[in-house]
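One structure is given below, encoded as structure tokens.
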Amino acid sequence: MAKKKRTRADVEKEEKASQKENDVHLPTTISSDEPLPKIKKWINKERVLVFSSRGVSYRARHLMKDLRTLMPHSKAESKMDKKDQLFVVNEICEMKNCNKCIFFEAKKRKDLYMWIANAPRGPSAKFLVENVHTMLELKMTGNCLKGSRPLLSFDKNFDTEPHWNLLKELFIQIFSTPNYHPKSQPFYDNVYTFSIHDNRIWFRNYQILEEDGSLAEIGPRFVLNPIRMFSGSFGGPTLYQNPTYVSPNEYRRSLKQKVAMKYINKLNAKQSRKDRYLPDSYKMDPTDEVFVTIRPEDAKGADKNTFYRVT
């Protein structure tokens, strides 16, 4: 049989079919317009709530603002009423989505206490804040980039006792800036130092000037006197209690007693002097004066009227 001759239309159909097979279909969106895939590097989601109770002094308020400036992972909150119990702080941390807390508690408008806690399960620690000096007050020459990540330097004495070791871990989790935090800068230009002296924790903030280790203090500076550590957040069983702690009320009372003792000793010395003083060395008989006669030449004052001259 003779082969059927292909028409021009059949040839065009075959060419179109082959072109469709060989054509590369591009996507409707260009790759440059597609959003880049997000790489999750911010893993440590530590957030610290820094606030205070009502009645704090101006110095404590400035110290609180300095800590917020130094920690980009911190959050602020309005002052808490004194009538509220401390366990309310756990609810505030939960509402603010914070798992760490620094709470300044003021008493008598002169005593400042600082709580650091891991909310809501603990542990927590209470300190008496002493020798507070803010950044504006010191006017140091040091300076650092805002939001930069600090280095934490701890005294070797933190590894000697269990309670110091626990406080060291709390300070690391609270004061260290999480890596790749949105508000942080990828630089290390300052260092926080925690030193133990006289059973107290001394805090200092320094700027790293050169690679050789030269430093310049920035501020703030304060001293933490540990009072008690709890297993829970703002309460619970006591893990450690400082046996050498003296409350500010007892200290002021002892000062007043020293001043009062000076006055009491003065009165006792005055009374003892009166007791030792004797006007007469021995007892005299008052009738012996009857036989005492005064000569006219020795008379004085009204005694002269008893004598008269015979002319």
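The average projected area of region 218-296, computed from the convex hull of its Cα atoms over all directions, is 16.2 nm².
For the chain, modelled as a GNM whose springs connect Cα atoms under 10 angstrom apart, the maximal fluctuation among Ala60, Ala76, Ala260 occurs at Ala260.
In order along region 262-278, the Karplus-derived 3J(HN,Hα) couplings, from 6.51 cos²θ - 1.76 cosθ + 1.60 at θ = phi - 60°, round to 4, 5, 5, 5, 5, 5, 5, 5, 5, 5, 5, 5, 5, 5, 6, 7, 10 Hz, and Gly and Pro are given as x.
Extension gain for the segment Lys41 to Lys82, taken as residue separation times 0.36 nm less the Cα-Cα distance, is 10.7 nm to one decimal.
Against the chain, whose longest principal axis comes from its Cα atoms, helix 162-175 is set at around 60 degrees. Based on C-alpha pairs under 8 angstrom that are at least 6 apart in sequence, region 130-262 has a relative contact order of 26 percent.
Pick from Glu217, Glu289, Glu169: which residue has the top mean-square fluctuation in a GNM of the chain where Cα pairs under 10 Å get a spring? Evaluated over the chain, the most mobile residue of the options is Glu289.
Could you state, as a whole-number percent, how many of the C-alpha pairs of region 90-211 are farther apart than 17 Å? Could you put the intermediate results ahead of the total?
Working: 4904 of 7381 pairs.
Here the long-distance tail beyond 17 Å is 66 percent of all Cα pairs in region 90-211.
Relative to the longest principal axis of the Cα atoms of the chain, the long axis of helix 58-70 lies at roughly 20 degrees. In angstrom, the C-alpha Rg and Dmax of the chain are 43.0, 209.
GNM on the chain, alpha-carbon springs under 10 angstrom: the most fluctuating residue among His197, His133, His181 is His197. Secondary structure note: in region 48-251, about 75% of the DSSP beta bridges are antiparallel. Mean sequence separation of contacting Cα pairs (under 8 Å, at least six apart), scaled by the length of the chain, corresponds to a relative contact order of 16 percent.
Since every read-out is calculated from the coordinates, none of them should be taken as a lab result. What you see is a predicted model; the values in this text were computed from it and never measured.
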